[in-house]
Amino acid sequence: MVDFNSLAGGALREKFNLAVAQIGRDILDPNKDQEAARGIAITLKFSPKAGIINVEFDVQTKLAKLNKDKAVLLIGQDARTGRVEISEYKNNPARIQPAAAYAEDTRTVDAETGEIYDSTPIDLRRTK
C-alpha cells in the first residue's frame, strides 16, 4: 500500500508541510485579510506503462490577497524656488516635510574636512 508520508522518500509530506507553514505565515500577515479562506491543492498524476505506475505530484497553495490601502497626498510649490513638492497627509504633522527642509544650506563648509564654519563663537566656559 502507498503511504502519503513515505511517497518519493517523504517529498510529498515535506511539500505539504511547507504549504501549511506558508498558509500560517499568510494568516499572520497584517497586510492580508485575516478571515479570508486559504487552501492547499495536491495534484497526483498517475501514468501507467507496462505494469509500472509513474506518479507526479504537485502541491499548490491558495493565499489571501493583499489588503487594499489608500493614502492622501498634498501637493504644493515653493514660492521661492519653484520646486514642486508632494507629501503624504496624515494626522501626524511631523511626517509632512515643509519647504524649509529643502532650502539650500548657506553656511560655509570646508571641502576637505567637511567642517561647517559658523560665525557665532561658542563660549565653552558657559556650557555645563
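The values are calculated or read from the model by the stated rules, or taken from the named source; none is laboratory data. Note that the coordinates shown come from a computational prediction; the quantities given were computed from them, not determined experimentally. Note that each Cβ is placed from the backbone with ideal geometry, even for glycine, and that neighbours are counted across all protein chains shown.
To keep it simple, each residue is scored yes or no on (1) within 22 Å of the chain's Cα centre (by Cα); (2) assigned to a helix (DSSP H, G or I); (3) surrounded by 10 or more Cβ atoms within 10 Å (Cβ to Cβ); (4) free of Cβ contacts under 8 Å to residues at least 40 places away in the same chain.
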| position | (1), (2), (3), (4) |
| --- | --- |
| I40 | no, no, yes, yes |
| T43 | no, no, no, yes |
| V55 | no, no, yes, no |
| A64 | yes, no, yes, yes |
| K70 | yes, no, no, yes |
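Would you point out the residue of the stretch 13-29, among those that are of a type outside the set (D, E, K, R) and in contact (Cβ under 8 Å) with a residue 40 or more places away in the chain, that is farthest from N67 (Cα to Cα)?
Looking only at the stretch 13-29, we keep the residues that are of a type outside the set (D, E, K, R), and these are 16-24, 27-28.
Retained after the next criterion (residues that are in contact (Cβ under 8 Å) with a residue 40 or more places away in the chain): 16, 18-19, 22-23.
Numbers: F16: 26, L18: 24, A19: 21, Q22: 18, I23: 16 Å.
The selected residue is F16.
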| In the stretch 24-38, the residues that are out of contact with any Lys or Arg (no Cβ under 9 Å at 6 or more places or on another chain) and not in a helix (DSSP H, G or I) | D29, P30, N31, Q34, E35
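Rundown of residues vs (1) in contact with a strand residue (DSSP E or B) (Cβ under 8 Å, 6 or more places away or on another chain); (2) modelled with pLDDT under 70; (3) part of a loop (DSSP other than H, G, I, E, B); (4) surrounded by 10 or more Cβ atoms within 10 Å (Cβ to Cβ), yes/no style:
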| position | (1), (2), (3), (4) |
| --- | --- |
| G76 | yes, no, no, yes |
| Q97 | yes, yes, yes, yes |
| A100 | no, yes, no, no |
| T106 | no, yes, yes, no |
| E112 | no, no, yes, no |
| P121 | no, yes, yes, no |
| R125 | no, no, yes, no |
| message | All but one of (1) of a type in the set (G, A, S); (2) touching a strand residue (DSSP E or B) at 6+ places or on another chain (Cβ under 6 Å); (3) under 30 Å from K90 (Cβ atoms) hold for A36; state the number of the condition that does not hold. | response | (2)
